[in-house]
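Below is one structure; the comments refer to it alone.
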Amino acid sequence: MKRNQGVLLTILSAFLFGFTPILAKWTYSGGSNAISLTFYRALFSLPVLYGILKYRKVSLKVTKSQWIHLLIVGILGQTVTTITLYATYDYLSVGMATTLHFVYPAFVVLAAVLYFKEKWTRAKVISIILAMIGMLCFIDLSGYISLYGVFLALVSGMTYAFFILYIDKSGLKELDSFKLTFYINLVVSAAVFVYGMGTHSLMINLTPIAWGLILIISLLVSVFAVALLQIGIKLIGSTKASILCLFEPITSVVFGLILLHEDLTILKLTGCILILLSAYAISKEK
């Protein structure tokens, strides 16, 4: 019973993560952009996360060393990842952007092997090869596919790989998950506010619909999806949960086709499948 419940909650979490990019793209027509969406998404989640921490009686204290790690991972990891991924939606379909972002497990493997001297395994080699072939499927020299959009999506994957590795190696993974999310969102909102004001890219005059969608995105991603994933991991384990997380890009592709009428060629579909298989190979090995 608990296993089935864990599977369901993890899939629901992946669905929320995969569906919110559709909402994100809709906010752009209401005056939003990547900078504004990143800032407001992080900012709106803070009161809710703070309330959850107080209700659960989790201490908000962090050490000076933890603050330094939070600043590094918040700015170089989460901030850059979110901005580049949201910016990708201006150049690529939501499904393509989300799937390309999912090359991050391959980047994690490369960093672990090259920098942390982990051993190569057959699954790691297969994962890297599949990811590279999958990425090549999105390279269209005719200009039909934006190479800049592909570049942004891959950057978001690389910085997210850094985010994952840094949390693991810095010891931040020992913090309560909601506490970690609260402080990372606090760093993100502060960093993006400074950048947005300095570059005049932080939009205030949004339509009521855009404001509502951003609020929904913030709650779905930073609160509900995170909570469901944490519960799912506890019930079925991190390995099975990581495999079920592959429903995220699948959700983006499917709803991109249905709601945004996005185009999906055989070549792009092949690239999506190869990248998902790459992520699956790593998840299965672990």
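One table, with the values for the structure above:
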item: Condition check for residue 124: surrounded by fewer than 24 Cβ atoms within 10 Å (Cβ to Cβ) and free of Cβ contacts under 8 Å to residues at least 40 places away in the same chain; result: no
item: The listed residue being assigned to a helix (DSSP H, G or I), free of Cβ contacts under 8 Å to residues at least 12 places away in the same chain and out of contact with any Pro (no Cβ under 7 Å at 6 or more places or on another chain), out of 25, 54, 61; result: 54
item: Subset tally (residues that are buried (at least 21 other Cβ atoms within 10 Å of the Cβ) and modelled with pLDDT of 90 or more) for the stretch 1-15; result: 0
item: Some residue of the stretch 138-146 being open to solvent by 20 Å² or more (accessible area, probe 1.4 Å) and not in a loop (DSSP other than H, G, I, E, B); result: no
item: Candidate set from the stretch 156-169 (those that are in contact with a helix residue (DSSP H, G or I) (Cβ under 8 Å, 6 or more places away or on another chain) and open to solvent by 30 Å² or more (accessible area, probe 1.4 Å)); member that is farthest from residue 38 (Cα to Cα); result: 166
item: Top-ranked residue in the stretch 18-54 [being of a type outside the set (Lys, Arg) and open to solvent by 50 Å² or more (accessible area, probe 1.4 Å); ranked as nearest to residue 96 (Cα to Cα)]; result: 26
item: Checking residue 120 against (1) more than 13 Å from the chain's Cα centre (by Cα); (2) among the aromatic types (Phe, Trp, Tyr); (3) assigned to a helix (DSSP H, G or I), the condition it does not meet; result: (3)
item: Candidates 166, 195, 115, filtered to the one that is of a type in the set (Ser, Thr, Tyr) and in contact with a Gly (Cβ under 9 Å, 6 or more places away or on another chain); result: 166
item: Selection count, the stretch 74-91, where residues are farther than 15 Å from residue 18 by Cα, in contact with a Gly (Cβ under 9 Å, 6 or more places away or on another chain) and either open to solvent by 30 Å² or more (accessible area, probe 1.4 Å) or in a loop (DSSP other than H, G, I, E, B) (or both); result: 2
item: Subset of the stretch 92-107 [more than 14 Å from residue 154 (Cβ to Cβ) and either open to solvent by 30 Å² or more (accessible area, probe 1.4 Å) or outside any helix (DSSP H, G or I) (or both)]; result: 93
item: So residue 110, is it over 25 Å from residue 231 (Cβ atoms) and not polar (S, T, N, Q); result: yes
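The values are calculated or read from the model by the stated rules, or taken from the named source; none is laboratory data. Predicted, not measured: the structure shown is a model, and the values here were computed from it. Cβ: placed from backbone, ideal geometry, glycine included. Neighbour counts: every protein chain shown. Please note that ligands, DNA and RNA were not included when accessible areas were found on the heavy atoms of the full protein model with its side chains. Shrake-Rupley method; radii C 1.70, N 1.55, O 1.52, S 1.80 Å.
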